[in-house]
Each structure stands twice: as structure tokens, then as C-alpha cells.
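Each reported figure results from applying straightforward, stated rules to the coordinates on display, with no laboratory input. Note that the coordinates shown come from a computational prediction; the quantities given were computed from them, not determined experimentally. In this analysis, Cβ positions are derived from the backbone assuming ideal geometry, glycine residues included, and neighbour counts consider all displayed protein chains.
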Amino acid sequence: MRLDRYTTGTYTIGAPLWQQVLWYFIGAPIVRSYLIPFSGFKVLILRWFGAKIGQGVRIKTGVRVKFPWRLIIQDFVWIGEDTWLDNLELITIESHCCISQGVYLCTGNHDWGDRDFALRTAPIYIESGSWIAAHATIAAGVRVGQGAVLGLDSVATRSLEPMTIYMGNPAIAIKSRRIKE
């Protein structure tokens, strides 16, 4: 490949330079801080920078968000310690989802077949009631169906069916999810 010829093509960050600079130097360090454990304050900062966030959202320490203006989080979502929302494209997390510690949501990749290593981006969508377990990874373009579970250290490179438990790298369906009343 020829990295000296790399460009982002038509991709844009989606925010003016002043907003990017303020996010990088002020917003991102506050949201990621281990010294500020208060979810409400982190939610407020993310909203100031363009994230759409519902009520009852809990954001733990060490959470990294690349671009808050490309983030939608609905109601009563938990985001665990050291999670990385690498959102070159939109990440949407519907209500009542648990994103456990150390999860990596990656909306960008490169075309390994392209001589110039072209950037490829696609959104991630996580439907309500889903659980992404600790240290799991979700690739660009994946949709997690309602109530699906992606197990510990698993890697989702394809969309996950609703109410199904997935494990492994690459993640495969291992059984249906049944929720007791």
C-alpha cells in the first residue's frame, strides 16, 4: 500500500474547526477524566458539544468519545469504564442498553485492497435492551438487534439478530436470549 498517497476522500469531520479544538482540549479531557466521576456533568458536556442524550444515562470514568456531534444515546443507558466510542460516523444507542467496560465501537476502517488504503466509514446502531459485554468490539456498519448480547471479548463484524447471545472472534450465535419476568 502507498500511505504517502492516502487521503480521506470526501469524508468530513462534521463540525467547524473551533468546535473540534474546544472538544479536543476541553470537552474530551473532562468526559474521559478519572477525577470527575459524575455522570450528569459528563452528559452535560457531551450535550454542549452536540450529542443527543436522553435521561438516566450513566457514563463512567475513562470513556473516550471521538466526535460527540455524531452520538445519539437514548434513555437509561450505561457506558462502562474505559469504553471507546470511535465515532467517525454516527453511533446510536437506544434505551436500556448496557455498554460494559472496555468496549470498543469502531465506525471507521480502511480498504485493505485499495492501493491508497482508502478510508471506509459506516454507522453503528445498537437497539434497545442490548448488552455489549466487557472488552467486546463492534465494527463499522454493524446493527445490534433488540435485546442481543455480545459476550466478553467478542468481536462483531456483522449485524446481530435480536434476542440472541453471541460469543467469539468473529462472534457467532450460541443461543437465544430469554429474559425471566
Checklist entry - Going through region 18-51 one residue at a time, which ones are polar (S, T, N, Q) and closer than 17 Å to residue 93 by Cβ? => result 39
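This table checks each residue for (1) closer than 28 Å to residue 131 by Cβ; (2) in contact with a strand residue (DSSP E or B) (Cβ under 7 Å, 6 or more places away or on another chain).
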{"site": "9", "(1), (2)": "no, yes"}
{"site": "15", "(1), (2)": "no, no"}
{"site": "34", "(1), (2)": "yes, no"}
{"site": "57", "(1), (2)": "yes, yes"}
{"site": "71", "(1), (2)": "yes, yes"}
{"site": "94", "(1), (2)": "yes, yes"}
{"site": "103", "(1), (2)": "yes, yes"}
Checklist entry - Do any residues in region 15-40 that are touching a residue at least 40 places away in the same chain (Cβ under 8 Å) and at positive phi have Cβ atoms under 9 Å from those of residues that are among the hydroxyl-bearing types (Ser, Thr, Tyr) and not in a loop (DSSP other than H, G, I, E, B), where the two are at least six apart or on different chains, and which pairs are they? => result none
Item to check | Selection from region 130-147 of residues that are surrounded by 18 or more Cβ atoms within 10 Å (Cβ to Cβ) and either of a type in the set (A, V, I, L, M, F, W, C) or in contact (Cβ under 8 Å) with a residue 40 or more places away in the chain (or both) | outcome: 131, 132, 133, 136, 138, 139, 140, 142, 144
Checklist entry - Taking helices (runs of 4 or more DSSP H) that fall entirely within region 15-116, which contain at least 1 residues that are in contact with a Lys or Arg (Cβ under 9 Å, 6 or more places away or on another chain)? => result 28-32, 39-48
